[in-house]
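Enquirer: The structure under discussion is supplied below as structure tokens; questions concerning it will follow.
The values are calculated or read from the model by the stated rules, or taken from the named source; none is laboratory data. This structure is a prediction, so every number in the text was calculated from the model and none was measured. Using ideal geometry, Cβ is built from the backbone for each residue, glycine included, and neighbour counts are taken over all protein chains shown.
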Amino acid sequence: MKENSYTLRVYRGTSDKQFWEEFELERTKGANVISALMEIQANPINKLGETTTPVAWEQGCLEEVCGSCSMLINGRPRQSCTALIEDLIISGKSTTITLAPFTKFPLIRDLCVDRTKMFESLKKVRSWVSADGTWDTTKQFGEKVGPEVQEALYVLSTCMTCGCCSESCPQVNDHSPFMGPAPISQARLFNAHPAGKNEKPERLRALLDEDGIAGCGNAQNCVRVCPKKIPLTESIALIGREATKQAIKDATGLSDSGD
Ligand code: SF4
Ligand code: SF4
């Protein structure tokens, strides 16, 4: 191995065939995992000197906002755009860096996975504010939100559906329908919106299904890995209480507006 170089060990393949492939790259100031993958793309020659196919990965904003470049870097779920090569070498005490795709989502190819399940869960919990033009929008959207609430909700709104929380959650697995923590936290965000409140009962009922709130085992891995520091377990606890109240209301015939 050349002086001033490092090894990128990359998981390759599709659902039919997988293997590890190593690449030797030069340590350059400011390089991150994405720039290393781009280097391989421009010159796809592995450590054995063989010409290979360029590695497939996803990327978007390159500023940790879109979440698409998420993968396992040295075994930790995170975004590759903010993973600096020098930091990884220092923190891992090794000149070998390992890249692998998330394991909780279907593999497409190499480092790309299909996160459709997360987006379907967001649809299920109505992770939006309906604005179809039939409402009195001046009234619905005119309601003021205080600064404390704004502050609490802002952090929830930074979720980028990256999937790091689901990847780290032991309850998200092939034997469980659990949707993971991110959509639950998004239900909290939209339940608190002045217009989003209208659909709060539907969101809570969706979360009472078998893939919803009951799936959480409170292992708390999700809050530890969330790059946006979203208080996921707080959201899960809050939504859990609200969902229970909703279930009681539905069982007893109390109106949605009643306590
Ligand atoms: S809650 Fe955090 S870890 Fe989970 S998808 Fe959103 S940003 Fe990613
Ligand atoms: S607290 Fe719940 S959602 Fe978070 S990692 Fe644990 S089981 Fe998963």
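Enquirer: Is there any pair with a first residue in segment 43-55 that is in the same structural domain as residue 12 (by TED's automatic domain parsing) and a second that is surrounded by 11 or more Cβ atoms within 10 Å (Cβ to Cβ) and among the aromatic types (Phe, Trp, Tyr) whose Cβ atoms are under 7 Å apart and which are 6 or more apart or on different chains, and what are they?
Expert: If the second residue must be surrounded by 11 or more Cβ atoms within 10 Å (Cβ to Cβ) and among the aromatic types (Phe, Trp, Tyr), the pairs left are 46/23; 47/23.
Enquirer: If we scan segment 180-192, do we find a residue that is farther than 30 Å from residue 82 by Cα, modelled with pLDDT under 95 and either more than 16 Å from ligand 1 (Cβ to nearest atom) or not hydroxyl-bearing (Ser, Thr, Tyr) (or both)? Working first, answer last.
Expert: Taking segment 180-192 first, the residues farther than 30 Å from residue 82 by Cα are 191-192.
Among the residues that remain, those that are also modelled with pLDDT under 95 are: 192.
The next check asks that each one be either more than 16 Å from ligand 1 (Cβ to nearest atom) or not hydroxyl-bearing (Ser, Thr, Tyr) (or both); those that pass are 192.
Taking every residue of segment 180-192 in turn, at least one turns out to be farther than 30 Å from residue 82 by Cα, modelled with pLDDT under 95 and either more than 16 Å from ligand 1 (Cβ to nearest atom) or not hydroxyl-bearing (Ser, Thr, Tyr) (or both).
Enquirer: Would you be able to tell me the number of residues in segment 161-175 that are buried (at least 19 other Cβ atoms within 10 Å of the Cβ) and either more than 7 Å from ligand 2 (Cβ to nearest atom) or outside any loop (DSSP other than H, G, I, E, B) (or both)?
Expert: So the count comes out to 8.
Enquirer: Looking at this structure, is residue 152 in a helix (DSSP H, G or I) and either touching a helix residue (DSSP H, G or I) at 6+ places or on another chain (Cβ under 9 Å) or away from ligand 2 (no atom under 16 Å from the Cβ) (or both)?
Expert: On the way: in a helix (DSSP H, G or I): yes; either touching a helix residue (DSSP H, G or I) at 6+ places or on another chain (Cβ under 9 Å) or away from ligand 2 (no atom under 16 Å from the Cβ) (or both): yes.
For residue 152, the condition - in a helix (DSSP H, G or I) and either touching a helix residue (DSSP H, G or I) at 6+ places or on another chain (Cβ under 9 Å) or away from ligand 2 (no atom under 16 Å from the Cβ) (or both) - is met.
Enquirer: Taking segment 73-89 on its own, how many of its residues are among the aliphatic types (A, V, I, L, M) and either within 16 Å of ligand 2 (Cβ to nearest atom) or modelled with pLDDT under 95 (or both)?
Expert: First, pick out the residues of segment 73-89 that are among the aliphatic types (A, V, I, L, M): 73, 83-85, 88-89.
Checking the rest, the ones that are also either within 16 Å of ligand 2 (Cβ to nearest atom) or modelled with pLDDT under 95 (or both) come to none.
Qualifying residue count for the region: 0.
Enquirer: Hey, could you check segment 144-157 for residues that are loosely packed, with under 15 Cβ neighbours inside 10 Å and within 14 Å of ligand 1 (Cβ to nearest atom) and say which is nearest to the chain's Cα centre (by Cα)?
Expert: Of the residues in segment 144-157, the ones loosely packed, with under 15 Cβ neighbours inside 10 Å are 144-151, 154, 157.
Now narrow it down to the ones that are within 14 Å of ligand 1 (Cβ to nearest atom): 154, 157.
Working: 154: 17, 157: 13 Å.
Here the residue is 157.
Enquirer: Follow-up. Just one of 26, 58 is free of Cβ contacts under 8 Å to residues at least 60 places away in the same chain, among the charged types (D, E, K, R) and within 21 Å of residue 113 (Cβ to Cβ); which is it?
Expert: Matching residue, one of 26, 58: 58.
Enquirer: Only one of these is within 14 Å of ligand 1 (Cβ to nearest atom), more than 30 Å from residue 38 (Cβ to Cβ) and in contact (Cβ under 8 Å) with a residue 24 or more places away in the chain: 81, 169, 162. Name it.
Expert: Details: 81 fails: more than 30 Å from residue 38 (Cβ to Cβ); 162 fails: more than 30 Å from residue 38 (Cβ to Cβ).
Answer to the selection: 169.
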